[in-house]
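Structure record follows, encoded as structure tokens.
The values are calculated or read from the model by the stated rules, or taken from the named source; none is laboratory data. Just so you know, these numbers come straight off a predicted model, no measurement behind them. Cβ: placed from backbone, ideal geometry, glycine included. Neighbour counts: every protein chain shown.
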Amino acid sequence: MFRIGFHISISGGFSFAVERAFELGCTTMQIFSRNPRGWTVKPLNKDDIAEFKRLREVRDVNPVFVHTNYLINLASKRPDLYEKSIEQFIVDLERTEAIGAEYLVTHLGSASGQGGEWMIDRVSSALNMAMKLHKPKAMILLENTAGEKGNIGYRFDQMGAVIAGLNDNSPVGICYDTCHGFAAGYDIRTQKHVDALAASIDKEVGLDRVKLLHLNDCLRDFGSNVDRHWHIGKGKIGLEGFRALLNHPAFRDIPKVMETPKKEEDDDVMNMKIVKSLMKE
Ligand SMILES: [Zn+2]
Ligand SMILES: [Zn+2]
């Protein structure tokens, strides 16, 4: 079955997110486990979590992906921020598991002025520390980035190297974001490009590690390294690229979550309609 959804707000409680997702026709979703731009964390409400779990069953929203807090930087040069990031990554992991979500999606981080190898080691060490302090039950997914200045994790060989540096045997997967990838130099505008993308993922990390696609068109040019998500088919990737990706045997059955702009009330409805129209039966 084809699983598709959006990043959904948890405002009001986790259980509200399930209803929002269901109303949009989602069969999967991504959420934050807390305010993504602050360090403070509210304790989880037991009744809300129970209702969240119950509604997920009823509405068949499955799997659920949690995205880590944006302040977390697992490659930070600053010792205090690095330590805080590991600690807060564990908080996100614990909350992911407490609500019964299956996956935790994280960016790798950034450290301007440092070499790629240094950052790769730094991220692997952060994940090793986190996984030692809290053995994961939810699966950690590393998300590719657009390659903005100082970022790491915009190429599959970098993601493969981070994974190779892990000591824990818990499975770690990847989340492929189409906007980030396009901005970082992975074209998907034609069938041939999508074939090449699949081959590249398979070579560097293994296709079996891909557990989620972030389906976003890109407002900026190919290879621009600028991360600006846009409506499906209306950006620089375009409809044909998404048609090729959505129907490709390597990607067809992988859950897909849109993180497209929500400026107008109907934006999500429009994007959902477009994606469904591109899928071949
Ligand atoms: Zn992300
Ligand atoms: Zn993303």
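When you check I72 against the structure, is it of a type in the set (V, I, T) and under 17 Å from the mean Cα position of the chain (by Cα), yes or no?
Yes; evaluated as a whole, the condition is true for this residue.
Can you tell me which of (1) surrounded by 24 or more Cβ atoms within 10 Å (Cβ to Cβ); (2) among the β-branched types (V, I, T); (3) over 21 Å from V269 (Cα atoms) is the one I163 doesn't meet?
Of everything listed in (1) surrounded by 24 or more Cβ atoms within 10 Å (Cβ to Cβ); (2) among the β-branched types (V, I, T); (3) over 21 Å from V269 (Cα atoms), I163 misses just condition (1).
Determine whether region 96-112 contains at least one residue that is more than 16 Å from L142 (Cβ to Cβ), more than 16 Å from ligand 1 (Cβ to nearest atom), at pLDDT below 95 and of a type outside the set (A, V, I, L, M).
Yes, that holds for at least one residue.
Which residues, taken from region 55-75, are within 16 Å of ligand 2 (Cβ to nearest atom) and either surrounded by fewer than 19 Cβ atoms within 10 Å (Cβ to Cβ) or over 28 Å from W39 (Cα atoms) (or both)?
Y70
Quick check on region 217-259: of everything there that is of a type in the set (D, E) and in contact with a helix residue (DSSP H, G or I) (Cβ under 9 Å, 6 or more places away or on another chain), which residue is surrounded by the fewest Cβ atoms within 10 Å (Cβ to Cβ)?
As a first pass, look at region 217-259 and keep what is of a type in the set (D, E): 217, 221, 227, 240, 253, 259.
Filter again for in contact with a helix residue (DSSP H, G or I) (Cβ under 9 Å, 6 or more places away or on another chain), leaving 217, 221, 227, 240, 259.
Working: D217: 26, D221: 12, D227: 20, E240: 14, E259: 15.
Residue satisfying both the conditions and the ranking: D221.
Which residues, counting only those in region 98-120, are within 16 Å of ligand 2 (Cβ to nearest atom), more than 17 Å from K135 (Cβ to Cβ) and touching a residue at least 60 places away in the same chain (Cβ under 8 Å)?
Once the filter is applied, which keeps residues that are within 16 Å of ligand 2 (Cβ to nearest atom), more than 17 Å from K135 (Cβ to Cβ) and touching a residue at least 60 places away in the same chain (Cβ under 8 Å), region 98-120 yields only V105.
State whether one or more residues within region 174-195 are free of Cβ contacts under 8 Å to residues at least 12 places away in the same chain and surrounded by fewer than 22 Cβ atoms within 10 Å (Cβ to Cβ).
Our first condition is that a residue be free of Cβ contacts under 8 Å to residues at least 12 places away in the same chain; within region 174-195, this holds for 192.
Next, only the ones that are surrounded by fewer than 22 Cβ atoms within 10 Å (Cβ to Cβ) stay: 192.
Yes, because at least one residue in region 174-195 is free of Cβ contacts under 8 Å to residues at least 12 places away in the same chain and surrounded by fewer than 22 Cβ atoms within 10 Å (Cβ to Cβ).
Of the residues E143, E148, only one is surrounded by 14 or more Cβ atoms within 10 Å (Cβ to Cβ), within 16 Å of ligand 1 (Cβ to nearest atom) and at pLDDT below 95; which?
E148
When residues of region 66-108 are filtered for being of a type in the set (S, T, Y), assigned to a loop (DSSP other than H, G, I, E, B) and over 24 Å from S9 (Cβ atoms), how many remain?
1
It is to be established whether one or more residues within region 84-91 are touching a His at 6+ places or on another chain (Cβ under 8 Å), under 14 Å from A130 (Cα atoms) and either exposed (fewer than 14 other Cβ atoms within 10 Å of the Cβ) or in contact (Cβ under 8 Å) with a residue 40 or more places away in the chain (or both).
yes
Could you please find all residues in region 98-112 being under 23 Å from M159 (Cβ atoms) and not small (G, A, S)? Write out each step before concluding.
Step one: of region 98-112, the residues under 23 Å from M159 (Cβ atoms) are 101-112.
Scanning region 98-112 gives E102, Y103, L104, V105, T106, H107, L108.
Across region 121-158, which residue is farthest from ligand 2 (Cβ to nearest atom) among those that are small (G, A, S) and over 18 Å from S224 (Cα atoms)?
So, considering only residues that are small (G, A, S) and over 18 Å from S224 (Cα atoms), the one farthest from ligand 2 (Cβ to nearest atom) is S125.
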